[in-house]
Amino acid sequence: MKRKDKAHRVGLILDKLYPETPIPLDHYSAYTLLVAVMLSAQTTDKKVNQVTPKLFQYADTPEKMDKLKLEKIRDIIKEIGLAPTKAKNLKKMAKQLIQSGGMQPDWDFLESLAGVGHKTASVVMSQGFGYPAFPVDTHIHRLAQRWGLTNGKNVKTTENDLKRLFPKEKWNKLHLQIIFYGREFCSAWACDGTVCKICTTCYPKRKKAVKTKKS
């Protein structure tokens, strides 16, 4: 089966399972989404959603975050992985936003902020500002390999491959659909490439577990 055919079948399965794609991180502005995504690195969305209500009670704008003491930020997010580093980045990022006039729907600008990489910027551009983007994290990267949609050795190559396979107007939704599907059916421990519907659809004759490359 050609890669384009696999992509088509993957899209059909995901559209049927997830016609609606609510953003899993609680937020109410592009800025609070940025903060939530920054906090989500190496941490579950569930844990982030438990922490951000208190954080946003004190600092739901760059100006309020800038005025909040570093120790206070660190104490609020202490249950999240890499809390000390994330607290410093939130503080520095708030100052950068104030100095530059606030949030801007621009990749280069977002990636220039403390603690913000390409994937985080892509999430904010797509889910916060509505621009076409295809954020690829480690799990999406491994799923794309497992499903035969890419042979890329890193998330950047996988992102480019997925963008070529799927229409631009579907990127924002598809990113979330793959996340939802991976968590429910095709996680590292729930599917070895021979179990879930997408794996068996893309590779109906696959008899052995598939090993995906580590990013």
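Note on the chain: dipole from Cβ charges, positive end direction compared against GLN145, LEU113, VAL124; the farthest Cα belongs to GLN145.
Within the accessible area of the chain, the carbon and sulfur atoms contribute 53%, probe 1.4 Å, all protein chains present. Residue separation of ASN154 and LYS67 scaled by 0.36 nm, minus their Cα-Cα distance, works out to 27.5 nm of gained length. The label point for TYR28 and the one for LYS208, both projected 7 Å from the Cα toward the Cβ, are 5.5 nm apart. Available extension along the chain between THR138 and SER100 is 10.6 nm, counting 0.36 nm per residue and deducting the alpha carbon span. Dividing the C-alpha radius of gyration of the chain by 2.2 N^0.38 Å, with N its residue count, gives 1.09. With both labels modelled 7 Å from their Cα along Cα-to-Cβ, the THR200 to LYS4 distance reads 2.9 nm. Put simply, when 23-32, 181-190 are sorted by average Cβ atoms within 10 angstrom per residue, most first, you get 23-32, 181-190. Treating r as the C-beta distance of LYS54 and PHE185 and R0 as 45 Å, the FRET efficiency rounds to 0.85. The helix-based estimate of mean residue ellipticity at 222 nm for the chain, built from -39,500 (n - 2.57) per DSSP H run of four or more residues and divided by its residue count, is -16500 deg cm²/dmol to the nearest 500.
Taking 7 Å steps out from each Cα toward its Cβ at TYR131 and GLU20 produces label points 2.9 nm apart. If I model region 168-215 as equal point scatterers sitting on the Cα atoms and use the Debye formula, what is log10 I(q)/I(0) at q = 0.13, 0.20, 0.25, 0.33 Å⁻¹? So the normalised log intensities are -0.35, -0.75, -0.97, -1.14. Which Cα, out of SER40, PHE134, VAL195, lies furthest along the positive dipole direction of the chain (beta carbon charges, K/R +1, D/E -1)? Result: VAL195.
Explain nothing, just the number: dipole magnitude of the chain about its Cα centre with +1 on each Lys and Arg Cβ and -1 on each Asp and Glu Cβ, in debye rounded to the nearest 20.
Rounded to the nearest 20 debye, it is 1140 debye.
The peptide list 202-210, 166-174, put in order of mean Cβ contacts within 10 Å with the highest first, becomes 166-174, 202-210. Dipole magnitude for region 168-215: about 260 debye, using +1 per Lys or Arg Cβ and -1 per Asp or Glu Cβ, origin at the Cα centre. Computed with a 1.4 Å probe over protein heavy atoms only, the accessible surface of the chain comes to 52 Å² per residue. For the peptides 63-70, 95-102, residues were scored by their other Cβ atoms within 10 Å and the scores averaged per peptide; the highest-first order is 63-70, 95-102.
Where Rh is the Kirkwood radius over the Cα pairs of region 46-138, the temperature 10 °C and the viscosity 1.306 mPa s, what D in µm²/s does Stokes-Einstein return? Don't skip to the end; give the middle numbers.
Values: Rh = 13.9 Å.
Estimated diffusion coefficient is 114 µm²/s.
Over 22 Å apart at the Cα level, from the set LYS119/LYS197; LYS64/LYS119; LYS46/LYS119; LYS86/LYS163; LYS4/LYS168, are LYS119/LYS197; LYS64/LYS119; LYS86/LYS163.
The values are calculated or read from the model by the stated rules, or taken from the named source; none is laboratory data. Note that this is a predicted model, so its numbers are computed, not measured. Glycine gets a Cβ as well: all are built from the backbone with ideal geometry, and neighbour counts include every protein chain shown. These area figures cover heavy atoms from the full protein model, side chains too; ligands, DNA and RNA do not enter into them. Shrake-Rupley method; radii C 1.70, N 1.55, O 1.52, S 1.80 Å.
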